[in-house]
Structures are given as structure tokens and as C-alpha cells.
Amino acid sequence: MDEQQEQGPLAGFTVGVTAARRADELIALLRRRGAGVVHGPALRIVPLADDTELLAATKDLIDHAPDVVVATTAIGFRGWVEAADGWGHGEQLLDRLRGVELLARGPKVKGAVRAAGLTEHWSPSSESMAEVLDRLLDEGVAGRRIALQLHGEPLPGFVETLTAGGAEVVPVPVYRWMPPEDLGPLDRLLDATVSRALDAVTFTSAPAAASLIDRARERGLLDELSAALRHDVLAVCVGPVTALPLQALAVDTHQPERFRLGPLVQLLCRELPARARVLPVAGHRIEIRGHAVLVDGALRPVPPAGMALLGLLARRPGWVVARPELLRALPGAGRDEHAVETAMARLRTALGTPKLIQTVVKRGYRLALDPVSETKYGAEDGSRDDERGGGRDDERGRGRDDERGRGQGLADPT
């Protein structure tokens, strides 16, 4: 267990990241905990020189005063004031901002606020929106109207937390979300999701989730994406608003209690290891993860073909799986059963402990499940053999053959 902790709780798992802004921060958190990462930004952020949404939000704030205005970026705040001035509402906006609690995230934003002739009520030294959020929550947000100058991709969890606390949040969109100019990374993430090469996909904004869905629809992969996220690939969202596009596809999403990146990563650290299959095999403890196996706590990366074989064997641990069935599990293997032998040899090498998988001559392969657990797992999974024509009687015969084979060379433990 100590060795596993050294590897990181996400070692052996691959996580997709759809974020554009703050992606580096999220990727660093994931890699620090051992995860492999596939980054496919689902959005790009462009400034709004003249936009009806920003105009409508500006008029609304002039007509209905907020209690608090949060300025998040210097360029965004300057752009907002300049746009309002171009519409003939500049002085009205500045007058309104003078009469409310104005929070500026960091020194650069504070400089932009003062350049506009305003004075901030407070600014965090850390430039952290988490600190801004903590201040608002400490003051109490129930019943307050809070205007939030957005800076592209919505702040993960910020709006959800304020809304959950009883605030009315008025977004001020000074940027617009657009599809990425280079769709290659997003397509690679989509392909990895559909092929189950990912164990989880993270979403930090509803537009990012909607963008991935739209791209899947354009490529004719929407049904495949939905199926993958419903059954095999964990969909993790920073908050309930972010989850809405996925829930419209009947995808169950997982969300942290606190709508921030740190708790999102902590949730992955709990959920993904809990989904791993743990088995006692040939005196060893193996834990089957997304693209690797922990053997007695030691991380063993395994090629995709080997993981496909191991996954099939693990669904019926201790029972023989025939070569034709294993062949069908191999990605693009064709009809040559020699491919099974090649992939199995590589799998054994990757695991570093060949006796974990036994060869049953003229039959197939089996996991060398420890005797204490063999009856339990056999009873649990025997019905699958009936469905495939193997039958319980056949497997009982296999057990007798294996017992005899240990003394007569019919079963090869290597």
C-alpha cells in the first residue's frame, strides 16, 4: 500500500481534460497524482468588441443596481468600460460602479479599475478567485445581487457556489466561447473516449461539455460518446451547471461537494481506484486499472492489447477463456489466433510475474486465482460461460483436467 501511495492514487489511469483556460493548473494536479492526461480543449476564448449580450448585461446593471461587482481581468474590465462608452453608456456604468462594492482580483485588475477613475473596495494579494469567493461567503451572499465579469471559460464552481448560497449572479460576458481553431486535439480526446482509452473526462464549464457533444454529433459519434460516458468512462464535472449538457444525454455525472479544481481532482482520486478490479492471483495482489496493473503495489504499464486480454480474463477469474474469444477481444487482431499468443506473451512480460496467467493446453488461458477465492468468483461468473456455450459441466471438467494437468503436463503455468 505504501508503494501504491508513492505511485500516486491516479497511477495507471488516463484522464481527459476539456478545459482551455486553467488547463495547465488542472493537468498539473492530475499528473502530480500519477494520472496520464489527454488534453483536448473544447473551446477558444475571443474578446467581444461589440455584442448584444454584453450590452444587455450592461443596461441591466445600470437599471438594477447590484450589491457587488467582481472584476476578474484587467483587459476584460477595460474592454467592458470601452464598449459601454462606445454605446453611449460609459458614464452611467461608471456612476453605477462607484455606488457598489467593487472587488478586483489582483494588482493588474486593481490598476484597470483605478485607471477608469474608480476605487476598489478590496483586492486579494494572491490574485486568487478562491480568496475572492471566500470573502464573499464570509460576508454572506444570501439575497445579494452579484455581477461577475467573466473572462472566457466560466470560473469553475464560482457561480455554482454563490447560487447555492442564495445569491443572484449576473454574468458580464466580455469574451465569447468559440470552437477551437485546431480541432485535432479535441478529436483525439473524443476518439480516446469512444474507444475507452480514457478512464474519465473532466469538464469545468457547460460550454466545454456542449462543444464536445456538438463535435461528436458532427462526426457521427454522438451515440458512441453517450454510451462510453454512460457505462465505461467517468464524466466528472466541477458543478451542477457544468453537468447540464451531459445530463440531457442521460449521462450520470460526478461532482465534488465544493465546486473547485482541487476537490474535483480529489473526487477522481476516490472514484477511479474504487472502480479498479482487485484480485488475489498466484499469491499476489493485482489491481487492474485503466492502462496499467498494480502487482503487489508496483505499477506495471500494459499495452492496450494486453489490457484487453487481461480484462476478459478478469471478468471470469479462475475460469478458462478460449483462444477464439480472446482473439475477438483484441483490437484489430483479425482471424489469426497466433495474435493471442503474441499478445499474451507481451502481457506476461509486462506484468513481470508470468505465473499470474496459466496456459491450459488446447483450451485457452486462465488467471491463476488463489484457491480461497476461486469458488466465489466461479459461482459469480459461471452464468457467462453458459451464455457462451461453455457451460458449468464443461468448466467442472476443466477443473478436473487442470488438476490432472498439474501432474501430467496438460496445464502450463507459464
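Most simply put, the chain has about 50% antiparallel DSSP beta bridges, counting only bridges with both residues inside it. Rolling a 1.4 Å probe over the protein heavy atoms gives the chain an accessible area of 45 Å² per residue. Modelled label positions at D182 and W87, each set 7 Å beyond Cα in the direction of Cβ, lie 3.5 nm from each other. For the pair A248 and T119 in one chain, pulling the backbone fully straight at 0.36 nm per residue adds 42.1 nm over the alpha carbon distance.
Close amide H pairs (under 5 Å, H built 1.01 Å from N) link V172 with L148, Q149, L150, residues at least 5 positions away or on another chain. A straight chain from D232 to K108 at 0.36 nm per residue would run longer than the Cα-Cα distance by 40.2 nm. Based on Cα contacts under 8 Å between residues 6+ apart, segment 172-292 shows a relative contact order of 22 percent. Need one word for the chain: rounded, prolate or oblate. Basis is the Cα gyration tensor (sqrt eigenvalues a ≥ b ≥ c); a/c below 1.5 gives rounded, then a/b vs b/c decides. The shape class here is prolate.
For the chain, the number of Lys pairs with C-alpha atoms closer than 27 Å, counting only pairs eight or more positions apart or on separate chains, is 4. The label point for D67 and the one for R328, both projected 7 Å from the Cα toward the Cβ, are 6.2 nm apart.
Remark: relative contact order (the chain) = 14 percent; criterion is Cα-Cα distance under 8 angstrom and separation of 6 or more residues. Apply the membrane-span-like helix rule to the chain: whole DSSP H runs, Cα extent along the own long axis of at least 30 Å, mean Kyte-Doolittle hydropathy at least -1.0. List the helices found. None clear 30 Å together with a mean of -1.0. Expressed as a whole percent, the accessible surface of segment 101-152 that belongs to carbon and sulfur atoms is 46, based on a 1.4 Å probe. Efficiency by 1/(1 + (r/R0)^6): what FRET value for I45 and K355, r their Cβ-Cβ distance, R0 = 41 Å, to the nearest 0.05? Once the sixth-power term is evaluated, E becomes 0.15. Stretching H338 away from E139 to a fully extended chain increases their span by 64.8 nm, per 0.36 nm per residue minus the current alpha-carbon distance.
Here segment 165-227 and segment 92-113 have alpha carbon centers that stand 33 Å from each other. A crude spin-label estimate for the pair R315 and D296, with each label 7 Å from Cα along the Cβ direction, gives 3.0 nm.
The values are calculated or read from the model by the stated rules, or taken from the named source; none is laboratory data. Quick caveat, the model's predicted, so the values are computed rather than measured. Neighbour counts run over all protein chains shown; Cβ positions are idealised from the backbone, glycine included. Calculation scope for accessible area: heavy atoms of the full protein, side chains included, ligands and nucleic acids excluded. Shrake-Rupley method; radii C 1.70, N 1.55, O 1.52, S 1.80 Å.
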